[in-house]
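Novice: There's a structure below that I have some questions on.
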Amino acid sequence: MNTEPHHRVGAIKIQRILETQIDFSPPASLLPDWDDGALLGMNGLHHNPRTTTQSVGTSVHSWLLTTDTRTILVDTGIGNHKKRAAPVFDNLSNPYLERLEIAGQTRQTIDFVLMTHIHSDHVGWNTILSNDRWVPTFPKAKYFLPRVGRDDFESEAGRARPNHAIYIDSVAPILEANLAELVEPTISEVLPGITYIPTPGHSVDHMSILIESNGEKAIIAGDILHHPAQVYRPEWNSVFCALPEQARASRLRVLEQVADSGALYLSSHMTETSAGRVRREGNGFIWRFE
C-alpha cells in the first residue's frame with residue numbers, strides 16, 4: 001500500500017517516490033548563513049521535528065506524474081551501487097524501484113524522464129548495473145536533460161572534474177542508447193503542459209519544470225530550495241550553489257512566480273510532504289506544507 005501523499009494538478013496525479021533522507025549537522029553545513037534566531041520568525045519551522053538548532057533534514061526523491069495517457073518521472077535520485085565521493089551517496093542499496101512499483105509503475109511503464117540538472121542526486125536512477133554495464137533503467141522512456149549540462153560535462157574542464165563519474169555512469173549510457181533529448185536554455189514546452197524554465201545558479205545547467213493542467217499549476221524547481229527556511233530568507237544559498245548571485249536571483253524569481261500564480265511548489269529536497277504553497281507576507285514570503 002502506498003502511504004505517500006498524492007497531489008493533483010488538473011488531470012495530473014503527482015506522487016513522491018522517496019529514495020532516502022539525509023540530515024545536515026550543523027545546519028550551516030547545508031546553509032552557511034543559517035541563523036538560529038531567524039527561525040523564530042518562520043511560522044513554526046523551529047518546531048519541525050527535522051529542523052533543530054543542531055541539524056536540518058533533507059529528502060532525496062523523484063516526482064511521479066501520471067495522466068490517462070503518459071507517465072513522467074522527474075529527477076531520479078542517487079541510484080544504487082554507484083561509487084561516489086560523498087559517503088551518504090556511495091554504493092547505496094535502496095528499495096527505490098520497489099517504491100515505484102508500490103506507486104503503480106515499473107521500469108517498463110515510464111514514458112518520460114525529466115532532469116532538472118546533472119547532479120549526482122538527480123540522475124542516479126537513470127541507469128542500473130546489468131552484467132557489469134550501466135544500462136538505462138527505463139528502456140522505453142525518452143529522457144530530457146539540459147543541453148548546457150551535457151556540454152559542461154563533455155568539455156575539457158568538465159571531464160577533469162572529480163564528479164565526472166556521475167556523467168559516465170548515469171548520463172552517457174542514455175545518450176549512447178539514443179534515448180535522450182536535449183533541452184535548450186530557454187523556456188521550452190517539451191510535452192503538452194510540461195515546460196522547462198531556465199533557473200541557473202545552483203548549477204550552470206539548472207532548470208525548473210512548470211506543470212499546467214486544466215487551469216492549475218505546479219512547479220518542480222529542483223535545487224532552487226533545499227529547505228523551507230530559504231522561503232523566508234531567499235538570500236540564503238546552499239553550500240552546493242555554484243554561482244551564488246545567479247542562484248539568489250533564480251530563487252527569488254521562482255518564489256515570486258509561485259506566490260503570484262498560486263502554483264503548488266514541489267520541492268526536490270524538503271522533508272515532510274515535500275510540497276507546499278508560497279504566499280507573500282509583507283515584503284517577503286511564507287511557506288505552508290500541503
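Values quoted throughout were computed directly from the atomic coordinates according to the rules given, and no laboratory measurement underlies them. This one's a predicted model, so the numbers in the text were calculated from it and none came from an experiment. Methodologically, a virtual Cβ is constructed for each residue, glycine included, from the backbone with ideal geometry; neighbour enumeration extends over all protein chains shown.
Novice: Under 16 Å Cα-Cα from Lys217, which lysines qualify once same-chain neighbours fewer than 8 residues away are excluded?
Specialist: Partners found: Lys13.
Novice: In nm, to one decimal, how far is the Asp23 label point from the Ile102 one, both placed 7 Å along Cα→Cβ?
Specialist: Inter-label distance under the simple model: 2.1 nm.
Novice: So what's the chain giving for Rg/Rh, alpha carbon basis, Kirkwood Rh from the mean inverse pair distance?
Specialist: Working: Rg = 17.9 Å, Rh = 19.1 Å.
Dividing the radius of gyration by the Kirkwood radius yields 0.94.
Novice: Let me check I have the definition right: for the range 31-173, take the eigenvalues of the Cα gyration tensor, multiply each by 5, take square roots. What are those semi-axes in whole Å, largest first? The partial results should precede the final answer.
Specialist: Details: eigenvalues 174, 92, 46 Å².
Gyration-tensor ellipsoid for the range 31-173: 29, 22, 15 Å.
Novice: Sort 204-211, 244-251, 186-193, 76-83 by the packing proxy (mean of other Cβ within 10 Å over each peptide's residues), most packed first.
Specialist: Details: 204-211: 24.6, 244-251: 18.5, 186-193: 13.0, 76-83: 20.6.
Per-residue Cβ counts within 10 Å, averaged per peptide and sorted highest first, yield 204-211, 76-83, 244-251, 186-193.
Novice: Specify the residue with the greatest mean-square fluctuation among Asp75, Asp260, Asp223, computed from a Gaussian network of the chain linking alpha-carbon atoms under 10 Å apart.
Specialist: The residue with the greatest mean-square fluctuation here is Asp260.
Novice: Please list, in chain and number order, the residues 5+ apart from Asp23 or on another chain whose amide H is under 5 Å from its amide H, with Hs placed from the backbone.
Specialist: Under 5 Å from the amide H of Asp23 lie the amide H atoms of Thr58, each far enough along the sequence or on another chain.
Novice: Distances over 14 Å make up what percent of all Cα-Cα pairs in the range 222-271?
Specialist: Working: 584 of 1225 pairs.
Percentage above 14 Å: 48.
Novice: While we're here: Could you give me the radius of gyration and the Dmax of the range 97-204, taking only the C-alpha atoms into account and expressing both in angstrom?
Specialist: Over the range 97-204's Cα set, Rg and Dmax evaluate to 14.1, 42 Å.
Novice: Quick one: putting +1 on the C-beta of Lys and Arg, -1 on the C-beta of Asp and Glu, what dipole do you get for the chain around its Cα centre, in Debye to the nearest 20?
Specialist: Rounded to the nearest 20 debye, it is 340 debye.
Novice: Still on this structure: Can you list residues whose amide H is under 5 Å from Thr127's amide H, if they're 5+ apart or on another chain and H is modeled 1.01 Å from N?
Specialist: It is Thr137, by chain and number.
Novice: In sequence order, what are the phi-derived ³J(HN,Hα) couplings for the range 225-238 according to the Karplus relation 6.51 cos²θ - 1.76 cosθ + 1.60 with θ = phi - 60°, rounded to whole Hz, with x for glycine and proline?
Specialist: 10, 9, 8, x, 4, 6, 5, 7, 10, x, 6, 7, 8, 7
Novice: Suppose only helical runs count, i.e. DSSP H with n ≥ 4. What mean residue ellipticity at 222 nm does that imply for the chain under -39500 (n - 2.57) per run, divided by all residues and rounded to the nearest 500 deg cm²/dmol?
Specialist: It comes out at -5000 deg cm²/dmol, rounded to the nearest 500.
Novice: Take every Cα pair under 8 Å in the range 152-256 that's 6+ residues apart, average their separations, divide by the length, and report that relative contact order as a whole percent. If you can, show how the numbers build up before the last one.
Specialist: Details: 121 pairs, mean separation 19.6, N = 105.
Over the range 152-256, the number comes to 19 percent.
Novice: Let me ask another. At Ala11 and Asp132, where each label point lies 7 Å from the Cα along Cα→Cβ, what is the point-to-point distance in nanometres?
Specialist: Going by the 7 Å Cα→Cβ label model, 4.8 nm.
Novice: Another question about this same structure. Which cross-chain or sequence-distant (5 or more) residues have an amide H under 5 Å from the amide H of Arg70, H modelled 1.01 Å from N in plane?
Specialist: Sorted by chain and number, the residues that satisfy this come to none at all.
Novice: Which Cα, out of Pro192, Phe285, Gly149, lies furthest along the positive dipole direction of the range 6-289 (beta carbon charges, K/R +1, D/E -1)?
Specialist: Farthest towards the positive end: Pro192.
Novice: Here's another thing I want to ask about it. Which value in nm describes the separation of the simple spin-label points at Thr67 and Asp35, placed 7 Å from the Cα toward the beta carbon?
Specialist: Placing both labels 7 Å beyond Cα along the Cβ direction yields 4.4 nm.
Novice: Just need the relative contact order of the range 46-128 here, percent rounded to a whole number, with Cα pairs under 8 Å and 6+ apart. Could you put the intermediate results ahead of the total?
Specialist: Numbers: 110 pairs, mean separation 27.3, N = 83.
Relative CO of the range 46-128 lands at 33 percent.
Novice: I would also like to ask the following. Calculate I(q)/I(0) for the range 126-280 by the Debye formula, one identical point scatterer on each C-alpha and no solvent, and give its log10 at q = 0.09, 0.10, 0.16, 0.18 Å⁻¹ to two decimals.
Specialist: Taking Cα atoms of the range 126-280 as identical point scatterers yields -0.33, -0.40, -0.99, -1.19.
Novice: Next up: Against the longest principal axis of the chain, how steep is helix 244-261, in degrees 0 to 90 to the nearest 10, with axes from Cα atoms?
Specialist: Orientation of helix 244-261: about 80 degrees from the principal axis.
Novice: Counting alpha carbon pairs within less than 8 Å and at least 6 residues apart, what relative contact order, in whole percent, applies to the chain? Please list the in-between numbers first.
Specialist: Numbers: 615 pairs, mean separation 47.9, N = 290.
Result for the chain is 17 percent.
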